[in-house]
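One structure is given here, and the rest of the page talks about it.
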Amino acid sequence: MTTNSPRANGSAKFTALPRVAFLTVQNLRLKASKKLPVASVGTGLAAHLRYRREILGLTRRDAAKQIGVRGAAVGQWETDKHHPENEYWPAIIRFIGYDPICPDPQTVPEKIAFLCRHKGLSGVALAAQLGVDKATVYKWEHGGHQRTGWAKAARLDALVLSVKTSRPCPPETQTRTGLAEALYQVRKDRDLTQDEAAQLIGVHPTT
């Protein structure tokens, strides 16, 4: 039987203990923060915001400071209790590093929502950039009719491309002449939407 008591010659014999692997807190954190493919994170802002925050090892308060909002806001977004207003979306997209909703819009409603997120614009402000009234943007946003080849449709695509490529959007080259200019000025002076002007004239709004 082996003991730990000293031998008669003064030397001591100790039993060898089995080696045990220990994981430090640092090892555990590295394992927990292993980056996953974005596609496996989930859908919607809540999942991607939390994923990015945990990858960076930030608290909600820290993330909120980087985004420029109160700490409680990040918690509400991560739990889907509230959705951010358009003005906060550009900072959110910069924090996450990509658009978590629809990075490659294809339909007109997707393109409008994409621009509102990336530019932090309301529908009214986007309408001003497109050179149309707010009723038109609202109609497009909800899948309303859009005239094929219309210059404003091309302008919408140009703005989306500008955001995706981080390049300035070229100015519009088309100018109104004749009847088009007269109708536009009347609508502008009387603060009429296209629908309201069409109703006064007695024609379809797309005319």
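Every number here is computed from the coordinates shown, using simple stated rules; none is lab data. What you are looking at is a predicted structure, and each value in this text was computed from that prediction instead of being measured. Heads up, the Cβs are rebuilt from the backbone with ideal geometry, glycines too, and the neighbour counts pull from every protein chain shown.
Values for this structure:
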read-out: Inter-label distance for Glu87 and Val124, nm, one decimal - labels placed 7 Å from Cα along Cα-to-Cβ; value: 1.3 nm
read-out: Length added when fully stretched, Ala151-Val186, from 0.36 nm per residue minus Cα-Cα; value: 10.6 nm
read-out: Distance between modelled label sites at Glu196 and Ala158, nm, 7 Å Cα→Cβ extension; value: 2.8 nm
read-out: Residues Glu78, Glu85, sorted so that the one with the fewest Cβ neighbours within 10 Å comes first; value: Glu85, Glu78
read-out: Pair His204, Arg167: separation of 7 Å Cα→Cβ label points (nm); value: 3.7 nm
read-out: Listed residue pairs exceeding 31 Å between alpha carbons, taken from Lys81/Lys111; Lys81/Lys152; Lys81/Lys188; Lys111/Lys188; value: Lys81/Lys152; Lys81/Lys188
read-out: Coil-residue chymotrypsin sites (Phe, Trp or Tyr not before Pro) of the range 70-147, DSSP, other Cβ within 10 Å capped at 15; value: Tyr98
